[in-house]
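Working notes, structure below.
Bear in mind that the values in this text are calculations on the coordinates, not laboratory data. These numbers come from a predicted model, not from an experiment. A quick note on method: Cβ atoms are made from the backbone with ideal geometry, for glycine too, and the neighbour counts reach across all protein chains shown.
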Amino acid sequence: MQFKLQRVYVGEQGAFGVLSKNDEQPFAVTLERTFKPSNEVVIPFGTHKCIRTMFNKGGYPTYEILLPETQHTLVKFHKGNLEEHSLGCVLIGESFHQFGDMAGIGNSKGGFNEFMEHTCSVDEFMLLVC
């Protein structure tokens, strides 16, 4: 099983993308934090192994993205609507959404739950980031 995170826009309010499974159409949107000065993201392009774990802050099951040797650890998929809800993890939602003057993603709980259904609770999968 492979998931694909395709970034569609990267700017000061985050890196926005779409998430799909096994070359099917996207089923969710994503948001990652960007860092100044050049809107860098934590997860590099390429294929990464993801393993089943817990999101301790929220107390629910999720997946951790294992990154090549970097300073970033515990990069996970989780719920959240705005870039500030992540330190570099992938937030999942149902739609792109505007919160006043802040761009974000809407219905994160629904989007995250759909993502977990798509994983079929496997122990691991591969994630292609492009």
> Rounded to two decimals, what is Rg over Rh for region 54-130 when you use alpha-carbon atoms and the Kirkwood radius?
Replying inline: 0.97
> Looking at region 1-65, which GluC sites (Glu not before Pro) are in a loop (DSSP not H, G, I, E or B) and have at most 10 other Cβ atoms within 10 Å?
Replying inline: E12, E24
>> Suppose only helical runs count, i.e. DSSP H with n ≥ 4. What mean residue ellipticity at 222 nm does that imply for the chain under -39500 (n - 2.57) per run, divided by all residues and rounded to the nearest 500 deg cm²/dmol?
In response: -3000 deg cm²/dmol
> Assigning unit charges at the beta carbon (Lys, Arg +1; Asp, Glu -1) and nothing else, what dipole magnitude in debye, to the nearest 20, does region 79-118 show about its Cα centre?
Replying inline: 80
> Which residues' amide hydrogens lie under 5 Å from the amide hydrogen of F96, considering only partners 5 or more residues apart or on another chain, with H built in the peptide plane?
Replying inline: G106
>> With the alpha-carbon atoms as the only input, what is the per residue convex hull volume for region 63-108 in Å³?
In response: 75
> Over what distance in Å are the Cα centres of region 5-30 and region 72-121 separated?
Replying inline: 11
>> Sorted from largest to smallest, which semi-axis lengths in Å does the alpha carbon gyration tensor of the chain give for its equivalent ellipsoid, taking the root of 5 times each eigenvalue?
In response: 20, 17, 14
>> What do you get for trypsin sites (Lys or Arg not before Pro) in region 38-102 restricted to DSSP loop and a cutoff of at most 13 other Cβ within 10 Å of the site's Cβ?
In response: K57
> So which of K36/K109; K57/K79; K49/K109; K4/K79; K4/K57 end up more than 21 Å apart by C-alpha?
Replying inline: K36/K109; K49/K109; K4/K57
> chymotrypsin sites (Phe, Trp or Tyr not before Pro), restricted to region 44-130: which are DSSP loop and have at most 14 other Cβ atoms within 10 Å?
Replying inline: F45
